[in-house]
Amino acid sequence: MKFTDVNPFNKKIQKRINKSILDTVKKKDFILGNNVNKFEKKFSNLSKSKYAVGCATGTDALILALKSLNLKPNHEVIIPGMSYISTGLSAALNNNKIVFADIDNDTGLISLNSVKNKISKNTKVVIPVNLYGQKVDIKKLRRIVGSNKYIIEDSAQAHFAFSCFDCKKSISNKCCKKEMNHNYADISCYSFYPSKNLGAYGDGGIITTNNRNLFNKIYFLRNLGTIKKNVHQYEGLNSRLDTLQATILLEKVKFTHLHNDYRRMVSSFYDKQLSTIKEVKLTLSKPGSSRHLYVIRIKKRNKLAKFLLKNKVPVQYHYPYSLNKAPALKNKIKKVKLLNSENWAKECLSLPLYPYMKLKDANKVVRLIRKFYS
Ligand SMILES: Cc1ncc(COP(=O)(O)O)c(C=O)c1O
C-alpha cells in the first residue's frame, strides 16, 4: 500500500503528458512560455477567479502575495498555529510580525474566535489555511476582520475545494451549492508540489485574485519586478512557473475534479468506518473539501503509527509540531501557548489516501486500527 500517489495516470494519459512535454522541448519555449499563460487562464477559470499568476512554489506564492501589499515591519500577520512551515516562513521572510491564532478543535482550521482576540491596530493580514482541503469560512472571517485588512487564503491543499457553510444539506456526500468562497479573500495561494491534489513533476505554485491592481503587482513581482525588458521597477523574485511544469499541469488539471471526487469517496468510507471506534477522533469536514489528507487524532499516536507501519500501512504526521514551536521561527515570535494546535500536533495521524485507492486497502487500514484497540 502507498501513502499517496503523485502520478495516478494510465498509459494512455501518460503518453499524452509525455507528448506535450516533448512538444514544448521542441519549441524551446522554456521561460514564461505560451503554456504558462494558457495554464494561468485555465486555472483562473476553474477556480472561478478573475486572474492567476503562476510562480515557482506554493511558498513563493505566499511570499509574493505578502510582498504585493507593501507591508511595514511592524505590521502583523495572523496565521494559524497548525499549518505547514511555509505559512509561517512567508511572514517571517517578508519581515512582518507573526501573530498566532489557535485552531478549532474539531476541524483543525484557524479559530475565528481566536482571530477576533488577536486583532490589533497593527493587524494588516490574516492567512487562513484550508488545511487538509477543507475551506475556512472566509465569508465569516471577512465579517470579523472588516474591509481594511487583507485575507490571503493558503489553499496549497485545497485545489477547487468549495465551501458548504450555508448549505442545509451539508451532511450529504455531494455539495449542492459549490460556492468557492475565496471571493471574500483578497488573494489565494496554491502549491503544485507533486503530492498535492494537482501536482507538477517538480515544484510549482499559483496565485489567484479578483483584484486587478494586486494581479498587476504580483505579475511583475514574480519576474524580478520587470515591467519591460531591463526595467526592474519592484524588488521582485525570480519565481516564474516553469513552462515544462505548466505544460504538465495543463494535462493533469483535466483530472483534478475527478481525483478530488475519488478522494472524497475514500474519505467518506474512512469517516463511516472509523466513527465506530471510540478512541479515534475524526477531523470534521464538509463535502466540498478537496480531501487532500485524511487525518485522525488519537492518544497513543506513535504506538498506533508503529503498529500500522509494521503491518505495511504507511502513515505520516501533518504536522508533528505546531508553528509556535518551529525552530525556524523561534527568533521571530513571542512565546505563546496554543493549546489546540499543540495537542493537534501530538495526536494527528494521516492515513493513506489518493485517487483510485482501493476500498479494500482503506478497509485494511480500518481493520488494523480496530485490531489495535481491541
Ligand atoms: C498549507 C501549505 N502551505 C504552503 C505550502 C508550500 O508549498 P510548496 O511546497 O509548493 O512551497 C504547502 C505545501 O507543502 C502547504 O501544505
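Applying the condition of being in a loop (DSSP other than H, G, I, E, B) and touching a residue at least 12 places away in the same chain (Cβ under 8 Å) to segment 27-36 and asking which residue is surrounded by the most Cβ atoms within 10 Å (Cβ to Cβ) yields GLY33. When ASP154 is tested against the conditions (1) under 28 Å from ASN216 (Cβ atoms); (2) surrounded by fewer than 19 Cβ atoms within 10 Å (Cβ to Cβ); (3) charged (D, E, K, R), the lone failure is (2).
For every residue, the table says whether it meets (1) free of Cβ contacts under 8 Å to residues at least 12 places away in the same chain; (2) touching a Gly at 6+ places or on another chain (Cβ under 6 Å); (3) not hydroxyl-bearing (Ser, Thr, Tyr).
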position: PRO8; (1), (2), (3): no, no, yes
position: LYS19; (1), (2), (3): yes, no, yes
position: THR24; (1), (2), (3): no, no, no
position: LYS38; (1), (2), (3): no, no, yes
position: LYS42; (1), (2), (3): no, no, yes
position: TYR51; (1), (2), (3): no, no, no
position: GLY54; (1), (2), (3): no, no, yes
position: THR57; (1), (2), (3): no, yes, no
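Annotation: of all residues in segment 78-112 being polar (S, T, N, Q) and touching a strand residue (DSSP E or B) at 6+ places or on another chain (Cβ under 7 Å), the one that is farthest from ASN340 (Cα to Cα) is ASN96. Between GLU40, GLU76, the distinction of being under 30 Å from TYR262 (Cα atoms) and buried (at least 19 other Cβ atoms within 10 Å of the Cβ) belongs to GLU40 only.
Could you tell me whether segment 11-18 includes any residue that is farther than 17 Å from TYR190 by Cα and part of a loop (DSSP other than H, G, I, E, B)?
Taking segment 11-18 first, the residues farther than 17 Å from TYR190 by Cα are 11-18.
Add one more test, that the residue is part of a loop (DSSP other than H, G, I, E, B), and what stays is none.
Scanning segment 11-18, I find no residue that is farther than 17 Å from TYR190 by Cα and part of a loop (DSSP other than H, G, I, E, B), so the answer is no.
For residues that are of a type outside the set (A, V, I, L, M), away from the ligand (no atom under 15 Å from the Cβ) and within 22 Å of the chain's Cα centre (by Cα), tally how many sit in segment 134-145. Quick ask: steps written out before the conclusion?
Applying the first criterion (of a type outside the set (A, V, I, L, M)) to segment 134-145 yields 134-135, 137, 139-140, 142-143.
Now restrict to residues that are away from the ligand (no atom under 15 Å from the Cβ): 137, 139-140, 142-143.
Of the ones still in play, those that are also within 22 Å of the chain's Cα centre (by Cα) are 137, 139-140, 142.
The number of residues fulfilling the criteria is 4.
So that you can scan it fast, the table gives a plain yes or no per residue for (1) touching a helix residue (DSSP H, G or I) at 6+ places or on another chain (Cβ under 7 Å); (2) closer than 26 Å to ARG222 by Cα; (3) free of Cβ contacts under 8 Å to residues at least 60 places away in the same chain:
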position: SER83; (1), (2), (3): yes, yes, no
position: GLY88; (1), (2), (3): yes, yes, no
position: ALA92; (1), (2), (3): yes, yes, no
position: PHE100; (1), (2), (3): yes, no, no
position: ILE110; (1), (2), (3): no, no, yes
position: ASN113; (1), (2), (3): no, no, yes
position: THR123; (1), (2), (3): no, yes, yes
position: TYR132; (1), (2), (3): no, no, no
position: GLY146; (1), (2), (3): no, no, yes
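Total residues in segment 329-373 satisfying the condition of being loosely packed, with under 12 Cβ neighbours inside 10 Å and modelled with pLDDT of 95 or more: the figure is 4.
When segment 73-101 is examined, which residues are found to be away from the ligand (no atom under 11 Å from the Cβ) and either of a type in the set (A, V, I, L, M, F, W, C) or in contact with a Gly (Cβ under 8 Å, 6 or more places away or on another chain) (or both)?
Initial filter on segment 73-101 (away from the ligand (no atom under 11 Å from the Cβ)): 73-78, 81, 91-101.
Within segment 73-101, VAL77, ILE78, ALA91, ALA92, LEU93, ILE98, VAL99, PHE100, ALA101 meet the criteria.
Rundown of residues vs (1) free of Cβ contacts under 8 Å to residues at least 40 places away in the same chain; (2) away from the ligand (no atom under 16 Å from the Cβ); (3) in the same structural domain as PHE192 (by TED's automatic domain parsing), yes/no style:
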position: ARG264; (1), (2), (3): no, yes, no
position: TYR270; (1), (2), (3): no, yes, no
position: GLN273; (1), (2), (3): no, yes, no
position: HIS292; (1), (2), (3): no, no, no
position: ARG301; (1), (2), (3): no, yes, no
position: LYS306; (1), (2), (3): yes, yes, no
position: VAL313; (1), (2), (3): no, yes, no
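Of GLU279, GLU251, GLU235, all but one fail to be over 30 Å from LEU69 (Cα atoms) and surrounded by fewer than 16 Cβ atoms within 10 Å (Cβ to Cβ); the exception is GLU279. Within segment 148-158, if we keep just the residues that are within 16 Å of the ligand (Cβ to nearest atom), of a type outside the set (D, E, K, R) and in contact (Cβ under 8 Å) with a residue 40 or more places away in the chain, the residue that is farthest from THR209 (Cα to Cα) turns out to be GLN157. Number of residues in segment 54-72 that are within 13 Å of ALA91 (Cβ to Cβ), within 9 Å of the ligand (Cβ to nearest atom) and not hydroxyl-bearing (Ser, Thr, Tyr): the value is 1.
The values are calculated or read from the model by the stated rules, or taken from the named source; none is laboratory data. Source: prediction; values computed, not measured. Don't worry about glycine lacking a Cβ; one is built from the backbone with ideal geometry, like all the others, and counts go over all protein chains shown.
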